[in-house]
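The values are calculated or read from the model by the stated rules, or taken from the named source; none is laboratory data. Owing to the predicted nature of the structure, the values given are computational and were not obtained by experimental measurement. Positions of Cβ are backbone-derived with ideal geometry, glycine not excepted, and every protein chain shown enters the neighbour counts.
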Ligand SMILES: [Zn+2]
Ligand SMILES: [Zn+2]
């Protein structure tokens, strides 16, 4: 439909003009524009048989949306004034998901380079949109029964409920007077907006008739997200006030100058995250208190937070004094935090602690970029498999395939890569390999071992076809995000960026590298050696540099290997050799891998221990691989003692154990974790220790 509008603007304007006039003059939009068909959309996770795995979307008449957008434009400045400064949904505060996510990335980076413990609490609201919009936005007298019933079910007393009811009614638009209403024109816009939400309707496939709503809106209309953000800002404001009253606000202190930044919550429409910084011993307590306050605040407005696994969650990192004890305590509590500050008659609620959380589509974690990278690479590989028959089709033109790759594969694979921090070498290789694999599939240029073929290096392929080097994609989107941040100047972020509290591997240091790299280009050669602050001033005065950045990133110079994704050239300076063939390599680990891959030989140390507990020092490691590494490294007497005692498993038994664990390790790999990733802190088991055996100083594992 919108295409038709674009193709025949004049003709359609003629047809729609009377309707438009009527809408505005009579202050009543046509009924057809006020409703639509509700469809269920599978969320792509969970069982398709469960209703919970679907979200509702509203399909509406497209021509009504255009008029609503006009209204939205008029209401927007007002909404921007009323909303909280860290709300990024619906275009508020220059918002987009990348900026909201960047805020958290900067927080994670600054925690990782400090001696403080930090946490981010993510809150998920049960069917937030439907709950909030219905009641709060437009002042309606009836229909609050459900909300009040919810409050009393949750455990509030009659007295409490009266207070809450009055509070929400009176202080909903508390800073309404301060806003200059002339900016929005007149009452017409308000009344029209209100009219739009009166007598709405929805229909559903396979059901006769429509549902009729006196007041309400569904997600997906241009005004709805604005209204929602506005309503949410009231909740957030109340929440901040409550946290301040309880003394639960935290600040990030800049180490050198002692300047403090208050840490604010960041939200994107209904997605809310709250960063917390604290010392290790107090962290869990602090989170429990904060969650209690937030839970109660949301409940006051009739919104229930969803604390089921996979919904609201905490990611945290213990650092500094007392971190071991804190990690152990959390582990003993099964990695859940019991929420405090709830009134006595409430049922108890817990929030779970997770390694990584998917915030606005991107995984965030204190443990590096591996979760996100593994997810993106997995996605790209799966999608490439689906499209492989098309990509390998030699009938199709190459540029068409490249369009296909960009539309279906790269858009998913590099989603929000502008917020990625530094990638470790193996993970960058994984990413690089995924993208090069697609290019090679499309071109049909592979390296097949043991045959004569036209082998091209990655650089050749990129140069010959004027493609973009994978790392340049990340660089370009990071630079463009930086320029966008400067242009939109969202609160907090710019200030946060310039602080010297980021170390190597952080987003800011990556940005600094990118900027240095950019300074090589002609347009930016004057900026060589600039600091972030200088760059900010430079871009602020020249916002048209976006084009120059893009152009530079497309140039052949920008698309040569700039990131060390290659191994050293094989054949030089190898010191370790295989005793069974001519293979030479650099490290024991490579040799062990070669021995297993080519000769089927495994390290014999695996025969000497069973289970997950070290028999010598009685440490419980919870995972066999961690135990094996503990013994293998031999820093403690454990290796020698274990070897002196002799094998406890036969090699058949050890193989059986390996087979059992194979799926577990595969899953770990898929999540982006290595075999020896520690999931739980190790503890020392009770018991008498074994007496140490005397023997030769050096013992070697015997098969
Ligand atoms: Zn060999
Ligand atoms: Zn040990």
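A count restricted to region 608-638 and to residues that are touching a residue at least 12 places away in the same chain (Cβ under 8 Å) and near ligand 2 (Cβ under 10 Å from one of its atoms) stands at 15.
Here residue 308 passes the criteria (1) out of contact with any strand residue (DSSP E or B) (no Cβ under 7 Å at 6 or more places or on another chain); (2) touching a residue at least 60 places away in the same chain (Cβ under 8 Å); (3) closer than 24 Å to residue 97 by Cβ except the one numbered (2).
Of the conditions (1) more than 12 Å from ligand 2 (Cβ to nearest atom); (2) assigned to a helix (DSSP H, G or I); (3) within 37 Å of the chain's Cα centre (by Cα), residue 652 satisfies every one except a single condition; which number is it? If we test residue 652 against (1) more than 12 Å from ligand 2 (Cβ to nearest atom); (2) assigned to a helix (DSSP H, G or I); (3) within 37 Å of the chain's Cα centre (by Cα), just (3) comes out false. Taking the listed residues 680, 701, the one that is out of contact with any strand residue (DSSP E or B) (no Cβ under 7 Å at 6 or more places or on another chain), surrounded by 12 or more Cβ atoms within 10 Å (Cβ to Cβ) and under 30 Å from residue 425 (Cβ atoms) is 680, with no other qualifying.
Only one entry of 310, 302, 322 meets the criterion of being on the phi > 0 side of the Ramachandran plot and surrounded by 22 or more Cβ atoms within 10 Å (Cβ to Cβ), and that entry is 302. If only residues of region 38-53 that are free of Cβ contacts under 8 Å to residues at least 24 places away in the same chain and either touching a strand residue (DSSP E or B) at 6+ places or on another chain (Cβ under 7 Å) or outside any loop (DSSP other than H, G, I, E, B) (or both) are counted, the one that is surrounded by the most Cβ atoms within 10 Å (Cβ to Cβ) is 53.
Of the residues making up region 586-625, those that are away from ligand 1 (no atom under 15 Å from the Cβ) and assigned to a helix (DSSP H, G or I) are 604, 605, 606, 607, 624, 625.
Tell me, which helices (runs of 4 or more DSSP H) wholly within region 465-554 include 3 or more residues that are modelled with pLDDT of 85 or more and touching a helix residue (DSSP H, G or I) at 6+ places or on another chain (Cβ under 6 Å)?
Working: elements: 470-488, 493-497, 507-518, 532-541, 545-554.
Answer list for region 465-554: 470-488, 507-518, 532-541, 545-554.
Entry remark, region 54-105: residues being within 27 Å of residue 487 (Cα to Cα) and part of a strand (DSSP E or B) number 1 in total. For the condition in the same structural domain as residue 409 (by TED's automatic domain parsing), in contact with a helix residue (DSSP H, G or I) (Cβ under 9 Å, 6 or more places away or on another chain) and modelled with pLDDT of 85 or more, residue 337 does not qualify. Residues in region 576-607 that are without any contact (Cβ under 8 Å) to a residue 12 or more places away in the chain and either within 23 Å of residue 629 (Cβ to Cβ) or within 16 Å of ligand 2 (Cβ to nearest atom) (or both): 585, 587, 589, 592, 593, 596, 597, 600, 601.
Would you list the strands (runs of 3 or more DSSP E) that sit entirely within region 258-312 and hold 1 or more residues that are at pLDDT 80 or above? Even if it seems obvious, please write down each step before you answer.
Numbers: elements: 260-262, 266-268, 271-278.
Strands (runs of 3 or more DSSP E) meeting the threshold: 266-268, 271-278.
Yes or no: region 494-507 includes at least one residue that is within 18 Å of residue 414 (Cβ to Cβ), crowded, with 16+ Cβ neighbours inside 10 Å and assigned by TED's automatic domain parsing to the domain that holds residue 554.
Step one: of region 494-507, the residues within 18 Å of residue 414 (Cβ to Cβ) are 507.
Within this subset, residues satisfying the condition of being crowded, with 16+ Cβ neighbours inside 10 Å are 507.
In the following step, the residues that additionally are assigned by TED's automatic domain parsing to the domain that holds residue 554 were identified as 507.
Scanning region 494-507 turns up at least one residue that is within 18 Å of residue 414 (Cβ to Cβ), crowded, with 16+ Cβ neighbours inside 10 Å and assigned by TED's automatic domain parsing to the domain that holds residue 554.
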